[in-house]
Every structure is written in C-alpha cells, then in structure tokens.
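Q: Below is one structure. I have some questions about it.
The values are calculated or read from the model by the stated rules, or taken from the named source; none is laboratory data. Note that the structure is a prediction, hence the values are computed from the model and not measured. Here the Cβ positions follow ideal geometry from the backbone for every residue, glycine too, while neighbour counts run over all protein chains shown. Note: areas computed on protein heavy atoms with side chains; ligands, DNA, RNA excluded. Shrake-Rupley method; radii C 1.70, N 1.55, O 1.52, S 1.80 Å.
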Amino acid sequence: MIILTGGIGNYVHYNGKKYSYFAGNNYLGLANHPDVKAASIQSIKKYGVNFSASRCTTGTSDIHLELEEQLSIFKGNQNAVVFASGYQGNSILLEILKSRYSAVFMDQFAHPSITGNIPRDITNMQYYYHCDVIHLEDLLHQHKGFRPLIITDGVFALSGEIAPLDKIYPLVKKYNAILIVDDAHSTGILGENGRGTPEHFKLNNAENIYQTETMSKALGGYGGFISGSTEFISLIRDKSTIYKASTALPAPIVAAGLASLKIVRKNPEMHIRLLEKARELKKEIIGLGFQTTLDNTPIVPIMLSEFAKAKDLSLFLENNGIIVPFMNYPVKQAKFIVRITVSASHTVDQTELLLEMLNKWGVKNGTN
Ligand SMILES: Cc1ncc(COP(=O)(O)O)c(C=O)c1O
C-alpha cells in the first residue's frame, strides 16, 4: 500500500522518495492549491475544526449557507444542500425519492454507493448490462407494472466511460421513470460549465433527472452535494434522516469548497484544457497498442486480461518513479485495470516519461 507522507499534486512522497503521480481524482489539481489551503487555514482560525452538531440543530454556519449558494450558482440551479460525502448522496436521493419508484434498474458496474444503498424494502432490483440501453429497455418492458427508477454513474470511476444518458433519457420518458445520475467524476469536468453528465448531453434542465455530486474529486475538497429546485432541496433538509442525523461539514472543508469554486469560476477553461490533455494521452496510449476506453474523461484505464499483468505493470511504473495504481477496488469490471488519471497540472515531461515507461513494459510483456 502507498502511504503518503505529504500532500498530493503532480508528485507525491512515499517511502522516502518522490514519485510522479497519475492516480487519485485530483483532476483539476485543486486539492493542494495554495488558495484552497489558505482558505482552510483561515477558517480554522475563525471557526475551529468542527461545528460538532448536525445541520438542523446548531451545526449550520454562515459559510455553509454561502457554500450552498455558490454551488447553486455553479450548477445554475435554485438551491443546493451539502452533506458529509458523495457516498451519502445516493442514499439521500434513494430515500427522498422513495415514494416515486417501486423497481430499480442499475448499470451492472454501478458504484457501491449505488448498489449498496437501495432501500431494503425495494425487492425488485434489476441490473442491466454495462451501458447497454437495449438490455435496459428489455428489463423496463418486462417489469412494466412497476414504477421505475434508473440509476447509473455519470462517469464510471474505473473505466472513465460516460453513461449514455442521451439514449437512457428517452427511456425515462417512455417508461415514466426517474433517473439518478451519480456524477462524482463529472462535476467540474463535463459539460460546457462543468455541471456534469446531463449538461454534457444537453439535458441540464430535463425533467425527472436527479444528480448526486461530490466536492472530493475535481473540486479538490470534500463533501457531497445535491442541487435542484428550492422545493426539492427543502424536502431533503426536512425529510432526509442522513442529512438531519449527521454532523455538519467541518469549517476547513466548507472553506476549501468555497475557494475551489472561486478558482473554477475564474478559470472556466480549466476543464477544457484537462480534457484536451486526456484526449491526447488516450491517443498515445492506443498508439502504443494498449486497450483503453474511448470517452473523453480524465480517467485513462489500461485494460489488461490478467490480474498478474496488471499488478506487474503498476509495480514496474512504481519502480520507475510513477504511481499508477492497479485497481483492486469493489466495483465489478470485465478486465483488470491499471488506472491512470490525468490532472490539469501535469507537465509534458511527466506525460512523456509515463509513455516511455508504458512502451518499455508493453514491448516486453505485451499490451493486452
Ligand atoms: C461513482 C462514485 N460515487 C460516489 C463516490 C463517493 O464520493 P465521496 O468520496 O465524496 O464519498 C465515489 C468515490 O469514490 C465514486 O467513484
């Protein structure tokens, strides 16, 4: 296991050495940004580390409200609510929307925060083949007497594939369904304004689509959020047991979120440059003969047919000063994945070294 002995950025320190870092989810390079760190430190001086109370008792501060207002502006929505983690966001929506569905249709590779949080009394759970809308429609058709909820990752964490919402949404309308999109890996990345997968497919204001999002990846901070109409967000505040019975986000985290959003707002081209870098890297990796996925996201998986090969590639890179993890992670996948993530701040030298090492390993061991 990699035990970090400092913060994350283009490089990390571990085991007494410095490594080029192509891992994690710090897509926009904000996790260790000087402005984000300074804002966090300042907020500790003013508020301390923790408000030590739930939001609905005495845990709501002025900066929580400011963060929610800034998130709603970022999302182009009326309102937003923040809570402990993106993982919780799926539970919150599944709980709040429960009167509206009686069967759940999930992508077979959905994240555990989806699959593990389906309410216990929903017994009709169907898995459709990965991103396969024909199979999804078959299942919706077979279960016509039920009120359907379709739920999927917006961008799949390991493979970086984008869920085909342009094809799923017509089924939402046809079968009178609701759709939850877990956009943990799309916030700040996809769509013209970085508002995620629905915006990427120009479905931003489409009816019956709900998004769960997180500040812990591209936004470099921590904490989950949901945005929407004031009426819907009030419903979450009034009715969600998870929201009501958990401790409010700590001040340094709230302040980090505010600082990150400010940077994103001031640099609207950041995510575009990131996606260009990722597109270029994918092209080069395909050129080396490796198998990867084609969607343009900062997640560039190298897909190998054997467990041992994936582990070996990751170790080879580590021995040559580059961290790219083999994903031994609780998400189902058809292949063994060595997951490269691109960050906006990676330099050309870093990318060239990565490609040189991948080539060296591929020539010796084969690329699939
Ligand atoms: C698809 C997906 N959903 C939800 C989460 C959880 O987000 P958070 O880390 O903010 O709890 C993750 C993060 O690992 C994820 O990959």
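Q: Return the total of residues in segment 48-82 being open to solvent by less than 10 Å² (accessible area, probe 1.4 Å) and more than 29 Å from Ala206 (Cβ to Cβ).
A: Of the residues in segment 48-82, 1 are open to solvent by less than 10 Å² (accessible area, probe 1.4 Å) and more than 29 Å from Ala206 (Cβ to Cβ).
Q: Let me ask something else. Identify all residues within segment 176-211 that are within 21 Å of Arg265 (Cα to Cα) and acidic (Asp, Glu); write none if there are none.
A: Of everything in segment 176-211, those that are within 21 Å of Arg265 (Cα to Cα) and acidic (Asp, Glu) turn out to be Asp183, Glu192, Glu199.
Q: Inside segment 29-47, can you point out the residues that are of a type in the set (A, V, I, L, M), open to solvent by less than 80 Å² (accessible area, probe 1.4 Å) and either away from the ligand (no atom under 16 Å from the Cβ) or over 24 Å from Asn328 (Cα atoms) (or both)?
A: Within segment 29-47, Leu30, Val36, Ala38, Ala39, Ile44 meet the criteria.
Q: Which of the following residues is more than 10 Å from the chain's Cα centre (by Cα), within 13 Å of the ligand (Cβ to nearest atom) and of a type in the set (Val, Ile, Thr): Thr197, Thr187?
A: Step by step, each of Thr197, Thr187 is checked, and only Thr197 is more than 10 Å from the chain's Cα centre (by Cα), within 13 Å of the ligand (Cβ to nearest atom) and of a type in the set (Val, Ile, Thr).
Q: Can you report the number of residues in segment 273-295 which are surrounded by fewer than 20 Cβ atoms within 10 Å (Cβ to Cβ) and either out of contact with any strand residue (DSSP E or B) (no Cβ under 8 Å at 6 or more places or on another chain) or hydrophobic (A, V, I, L, M, F, W, C) (or both)?
A: Going through segment 273-295 one residue at a time, the tally reaches 13.
Q: Find all pairs meeting these conditions: Cβ atoms under 7 angstrom apart; at least six residues apart or on different chains; first residue within segment 125-150 and under 14 Å from Ile178 (Cα atoms); second residue open to solvent by 40 Å² or more (accessible area, probe 1.4 Å).
A: Arg147/Arg100
Q: Being within 21 Å of the chain's Cα centre (by Cα), under 17 Å from Ile44 (Cβ atoms), assigned by TED's automatic domain parsing to the domain that holds Glu66 and of a type in the set (S, T, N, Q): is that true of Ser260 here?
A: Criteria met by Ser260.
Q: If you don't mind, there's one more thing I want to ask. Write out, first by first residue and then by second, each pair whose Cβ atoms fall under 8 Å of each other, whose residues are 6+ apart or on separate chains, and whose first residue, in segment 335-359, is free of Cβ contacts under 8 Å to residues at least 40 places away in the same chain while the second is part of a strand (DSSP E or B).
A: Qualifying pairs under 8 Å: Phe336/Met303; Phe336/Leu304; Phe336/Phe326; Val338/Pro301; Val338/Ile302; Val338/Leu304; Val338/Phe326.
Conditions (1) of a type outside the set (A, V, I, L, M, F, W, C); (2) not in a loop (DSSP other than H, G, I, E, B), marked per residue:
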position: Ile168; (1), (2): no, yes
position: Ala184; (1), (2): no, no
position: Lys202; (1), (2): yes, no
position: Tyr210; (1), (2): yes, yes
position: Glu213; (1), (2): yes, yes
position: Tyr222; (1), (2): yes, no
position: Ile233; (1), (2): no, yes
position: Ala256; (1), (2): no, yes
position: Ile272; (1), (2): no, yes
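Q: Mind checking which residues of segment 163-220 are crowded, with 19+ Cβ neighbours inside 10 Å and without any contact (Cβ under 8 Å) to a residue 24 or more places away in the chain?
A: Passing the criteria: Gly191, Glu199.
Q: Conditions: (1) aliphatic (A, V, I, L, M); (2) modelled with pLDDT under 95; (3) within 16 Å of the ligand (Cβ to nearest atom). Val254 meets all but one. Number of the miss?
A: Going through (1) aliphatic (A, V, I, L, M); (2) modelled with pLDDT under 95; (3) within 16 Å of the ligand (Cβ to nearest atom) one by one, Val254 breaks only (2).
Q: Step by step: first the residues of segment 1-49, then only those that are more than 22 Å from the chain's Cα centre (by Cα) and among the β-branched types (Val, Ile, Thr), then the one that is nearest to Leu315 (Cα to Cα). Which residue is that?
A: Among those that are more than 22 Å from the chain's Cα centre (by Cα) and among the β-branched types (Val, Ile, Thr), it is Ile3.
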